[in-house]
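A short worksheet on the structure shown next.
Read-outs throughout are calculated quantities, based only on the coordinates presented, and are distinct from any laboratory measurement. Keep in mind that what you see is a predicted model, and the values were worked out from it rather than measured. Don't worry about glycine lacking a Cβ; one is built from the backbone with ideal geometry, like all the others, and counts go over all protein chains shown.
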Amino acid sequence: MATAVETKQAIKGGEFLIRETHAHDIFIPEEFTEEQRMIAQTCKDFLKQEIYTRLDEIDSMKHPELMPSLLDKAGELGLLGTSVPQELGGFGMDFNTTMLVAEVLGAGHSFAVAISAHTGIGTLPILYYGNEAQKKKYIPNLASGKWKAAYCLTEPDSGSDANSGKTKATLTPDGKHYVLNGQKMWITNGGFADVFVVFAKIDNDKNLTAFIVEKSFGGITMNEEEKKMGIKGSSTRQIFFNDCKVPVENMLSERENGFKIAVNILNIGRIKLGVAALGGCKMTVSIAVRYAKERKQFGTSIANFGAIKHKLAEMVTKIFASESAHYRASQNIEDAYHALIAGGMDSSQARLKSLEEFAIECAIMKVHGSEVLDFVVDEGVQIYGGMGFSAEGPMDRAYRDARINRIFEGTNEINRMLTIDMLLKRAMKGGLDLMTPAMAVQKELMSVPDFGSGDDDVVFAKEKKVIANLKKAGLMAAGAAVQKYMMKLSDEQEVLMNLADMLIEGYVAESCLLRVEKMIGQRGEAACELEKAMAMIYLHHAVNRAAEAGREAISAFAEGDELRLMLMGLKRFTKIDPYNLKEARRKVANYVIEKGEYPF
């Protein structure tokens with residue numbers, strides 16, 4: 001791993017917008033080792049044997065002990081300790097491997113939510129912010145599954161604005177305990193958790209402080225299980241802390257560091273949620289294509305119809321593109337981690353710093369992964385037709401369970417705005433030089449267009465120019481918006497979301513192209529015909545989406561000659577040669593139909 005880091009030119013978070021990335025510098029899923037593939041197969045076998053045979057029973061919630069028992073079995077296989085160092089009872093897997101585990105288990109419906117909450121927001125705050133005594137006491141028991149974990153941040157009046165929480169912590173006169181009083185809601189695993197990471201404000205502090213709270217401390221009560229639209233089998237409770245006495249040594253990190261803990265843990269949660277959504281996507285495609293092959297109408301399988309092929313190809317293409325971007329970002333995080341370790345940083349701090357560095361990409365992937373899942377399950381229902389709307393069919397659960405992901409880990413609206421906010425703040429602090437390329441784009445707007453297509457002998461030469469132009473479109477729109485609104489840009493949420501969509505689509509389209517370029521370098525172009533088709537399909541989608549978002553953004557703040565000039569620039573920067581998308585989709589769909597499952 002260290003060798004790989006040394007041979008790459010380190011890239012900063014968000015720098016993809018202003019720097020060309022080379023195919024040999026990214027990681028692609030095709031490079032997973034045999035050991036990693038075996039771990040993924042273990043996860044698939046677990047879902048098949050323990051989860052898929054009991055989905056109705058899990059969702060019924062008739063047996064409260066069922067979900068904890070399933071987590072116990074996952075613990076026996078080591079699936080609860082993938083991120084935990086070996087010295088604390090885990091496997092100490094690298095970030096890409098833990099991403100792969102999250103992806104595969106993401107197809108587990110309600111179980112996926114329970115295990116994600118336990119291994120992520122339940123365990124990682126203690127692992128990364130706990131002192132040695134706290135880590136030795138809690139982490140081995142969480143990694144084995146002996147203790148189950150939950151994360152208590154959200155309150156009735158504190159959702160996206162997490163730091164406004166009202167739960168209070170008061171030091172006892174003898175200085176030995178903090179007494180917690182307050183209410184938390186939407187607490188995943190709340191009904192059976194043994195350990196809670198709880199956020200509260202000490203006295204009149206401005207910022208939250210985090211505490212490790214054991215259920216055995218007492219003073220903890222909870223409402224009945226929430227009745228939810230989806231993920232019905234996951235335990236979701238309101239939890240009340242009534243004079244709950246927490247030993248002072250159970251403060252996590254430092255006083256008023258809770259909000260920072262929450263934000264940094266969410267960075268991990270966001271990219272892990274995005275990749276878990278892809279696991280759900282792949283399962284949905286496999287179910288949908290098998291049904292399409294079996295379902296007969298007008299004397300033939302509906303899989304033979306062009307409209308169904310269009311759907312299958314679009315579903316698979318968006319999954320492939322999103323997967324490309326997830327593991328590109330994941331490897332960037334892992335490389336940054338190893339560089340920090342090599343520089344002498346503590347492992348836990350290095351993990352947090354590497355994730356913080358790529359917080360922009362984490363937010364992008366959370367949005368993209370969750371929205372691809374929503375698209376895929378919606379099309380899955382449509383392929384099933386009337387049976388898709390029936391609770392007797394598999395799409396009912398898939399459709400309902402998918403919807404929460406656009407809300408979890410910060411709503412997609414919040415994450416879109418955060419993407420632009422973080423990018424601009426880094427530029428203002430000197431972390432990213434956005435000004436130089438933005439000024440270059442402004443200068444280019446006044447020049448004669450370059451109609452050259454690049455070196456045709458280079459793989460994806462024309463397409464790379466399209467990607468470069470998409471970045472210019474984003475820089476042009478963002479730069480003009482900053483000049484127009486200055487410090488009030490944060491109030492223009494619609495514009496921020498338009499700008500974020502331009503950024504997201506450019507990043508994903510580039511990731512997909514780079515993945516296929518690397519595959520072509522390894523296997524040859526003839527062996528990558530279908531992957532190349534998907535890269536082209538997604539690139540056209542990205543260009544169209546960026547053009548639409550750009551027009552909306554520019555029209556919101558520009559007028560007169562400035563508006564006309566910028567729209568002309570946008571048209572120039574979102575130009576792409578025609579491509580036979582119908583035939584490309586049919587090639588992809590035919591292969592998916594032949595294989596009878598998600599095949600890439």
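With N the number of residues in the stretch 56-121, Rg(Cα) / (2.2 N^0.38 Å) evaluates to 1.16. In terms of overall dimensions, the C-alpha atoms belonging to the stretch 269-355 reach 68, 16, 15 Å along their principal axes, ordered largest to smallest.
Hull volume per residue, based on the alpha-carbon atoms of the stretch 151-252 and their convex hull, is 92 Å³.
How would you classify the stretch 401-560 from its alpha-carbon gyration tensor, with a ≥ b ≥ c the square roots of the eigenvalues: rounded for a/c under 1.5, else prolate if a/b is greater than b/c, otherwise oblate? Intermediate results must be reported in sequence, preceding the final value.
Numbers: a/c = 2.10, a/b = 1.33, b/c = 1.58.
Oblate is the answer for the stretch 401-560, as a/c is 1.5 or above yet b/c matches or exceeds a/b.
P(r) tail for the stretch 259-413: Cα pairs beyond 25 Å make up 40% of the total. Geometric descriptor of the stretch 185-321, per residue, is 157 Å³ (volume of the convex hull of the Cα atoms). Taking other residues whose beta carbon is less than 10 angstrom from the beta carbon of E552, and scoring Lys, Arg as +1 and Asp, Glu as -1, yields -2.
In the stretch 557-600, Rg over Rh equals 1.41, where Rg is the alpha-carbon radius of gyration and Rh the Kirkwood radius from pairwise Cα distances. For the stretch 236-302 and the stretch 518-535, write down the distance between their C-alpha centroids in whole Å. Measuring centre to centre over Cα atoms gives 32 Å. Whole angstrom only: what separates the Cα centroid of the stretch 392-449 from the Cα centroid of the stretch 130-184? Value for the Cα centre distance between the two parts: 31 Å.
Ranked by the mean number of other Cβ atoms within 10 Å per residue, highest first, peptides 262-269, 174-181 order as 262-269, 174-181. Please tell me which of these pairs span more than 24 angstrom C-alpha to C-alpha: K228/K293; K12/K429; K12/K148; K48/K136; K318/K471? Where the Cα-Cα span goes over 24 Å, the pairs concerned are K228/K293; K12/K148; K48/K136. Of the peptides 550-558, 369-377, the order by per-residue mean of other Cβ atoms within 10 Å, starting with the highest, comes out as 369-377, 550-558. Helix 95-105 and the longest principal axis of the Cα set of the chain meet at an angle near 90°.
Excluding same-chain neighbours fewer than eight residues apart, the aspartates and glutamates reachable from K462 by a Cα-Cα span under 15 Å are E20, D450, E510, E517, D577. Pairwise inverse Cα distances across the chain, averaged and inverted, put the Kirkwood hydrodynamic radius at 25.2 Å. For E155, nonlocal amide neighbours, meaning residues 5 or more places apart or on other chains whose placed amide H falls under 5 Å from its own, are M185. Against the chain, whose longest principal axis comes from its Cα atoms, helix 66-76 is set at around 80 degrees. Roughly how tilted is helix 347-357, in degrees to the nearest 10 and between 0 and 90, from the longest Cα axis of the chain? Helix 347-357 and the main axis of the chain meet at about 40 degrees. Protection proxy ranking of 149-159, 46-56, 380-390, by the mean of other Cβ atoms within 10 Å over each peptide's residues and highest first, is 149-159, 380-390, 46-56.
Around T167, what is the net charge, scoring Lys/Arg as +1 and Asp/Glu as -1 over all other residues with Cβ under 13 Å from its Cβ?
Here the charged neighbours net out to -1.
Placing +1 on the Cβ of every Lys and Arg and -1 on the Cβ of every Asp and Glu, with nothing else charged, gives the chain a dipole about its Cα centre of roughly 640 debye. Shown is the FRET efficiency for T42 and N544, computed with R0 = 51 Å from the Cβ-Cβ distance and rounded to the nearest 0.05: 0.80.
So for the chain, averaging the separation of alpha carbon pairs under 8 Å that are six or more residues apart and normalising by length, what relative contact order in percent results? Relative contact order for the chain comes out at 15 percent.
Only alpha carbons enter this Debye calculation for the stretch 2-150, each as an equal point scatterer, and the log10 of I(q)/I(0) it gives at q = 0.12, 0.13, 0.20 Å⁻¹ is -0.60, -0.69, -1.20. Kindly identify the stretch 160-213 as rounded, prolate or oblate by the Cα gyration tensor criterion: order the square roots of the eigenvalues as a ≥ b ≥ c, call it rounded if a/c is under 1.5, otherwise compare a/b with b/c, prolate if a/b is larger, else oblate. Oblate, since a/c reaches 1.5 and b/c is not below a/b.
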